[in-house]
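Right, one structure below, let's go through it.
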Amino acid sequence: MDTTKLTTGDIVAGVGGLVLLISLFLPWYGVSADVAGVSVSVSGSGWEVLGFIDILLFLIAVIAIVVVAARAAGRLPAEVPGSVVLLGLGALAVLLVLFRIIDIPAGDVPDGVDLSRKLGIFIALIGAAAVAYGGWRTNAETPGVAAPARPPAV
């Protein structure tokens with residue numbers, strides 16, 4: 001098998017990893033307060049507002065980029081199931097980002113303070129989904145990978 005040939009899935013996963021990495025530097029959440037006629041707005045990036053999830057997302061993004069780069073350079077060992085790694089890590093990233101979309105990391109919020117989701121978190125979701133989809137597509141495109149058995153035609 002020629003491991004230096006990148007599939008469409010590899011490219012999607014690599015770009016998704018890059019998008020996920022960049023999204024960590026974009027605003028994920030915003031806080032707006034209106035107190036005594038004074039309005040203040042602040043936003044925080046993925047690095048600033050996430051506890052441990054930011055490190056996991058960073059590692060997932062870097063691993064996705066490294067797997068695709070290693071495959072492109074012909075340096076990915078045959079024993080490493082790159083497409084399965086991409087699919088699994090991408091799915092984990094999607095779940096982590098969805099968790100943070102649903103559950104904004106904030107304690108008790110006083111009246112007059114609004115919390116909002118910003119563009120960065122949705123870009124992270126797209127990047128994570130691209131890593132997962134790229135892994136799935138690479139698995140489907142790679143010859144020699146066991147495909148699910150189809151029942152015989154009747």
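Here are some notes:
- The chain, relative contact order [Cα under 8 Å, separation at least 6], %: 41
- Local charge for Ile55 was computed over the other residues whose Cβ lies under 14 Å away, with Lys and Arg +1 and Asp and Glu -1, and equals -1.
- Point-to-point label distance, Ala36-Leu56, nm (Cα→Cβ direction, 7 Å offset): 4.2
- DSSP-loop chymotrypsin sites (Phe, Trp or Tyr not before Pro) across the stretch 1-63, with at most 14 other Cβ within 10 angstrom: Phe25, Phe52
- Its DSSP H runs of at least 4 residues, each contributing -39,500 (n - 2.57), put the calculated 222 nm mean residue ellipticity of the chain at -18500 deg cm²/dmol, to the nearest 500.
- Spin-label model distance (nm) - Ile22 vs Ala70, 7 Å beyond Cα toward Cβ: 2.5
- Option label - Kirkwood radius over Cα pairs in Å computed here, alternatives [x] 17.0; [y] 17.8; [z] 18.6: [x]
- The chain: angle of helix 8-23 to the longest principal axis, Cα-based, in degrees nearest 10: 20
- Cα long-axis angle, helix 53-73 against the chain (0 to 90 degrees, to the nearest 10): 30
- Helix 119-141 and the longest principal axis of the C-alpha atoms of the chain enclose an angle of approximately 10°.
Every number in this text was worked out from the coordinates using simple rules, so none of it is lab data. Predicted model only: the values in this text are computed from it and were never measured. Heads up, the Cβs are rebuilt from the backbone with ideal geometry, glycines too, and the neighbour counts pull from every protein chain shown.
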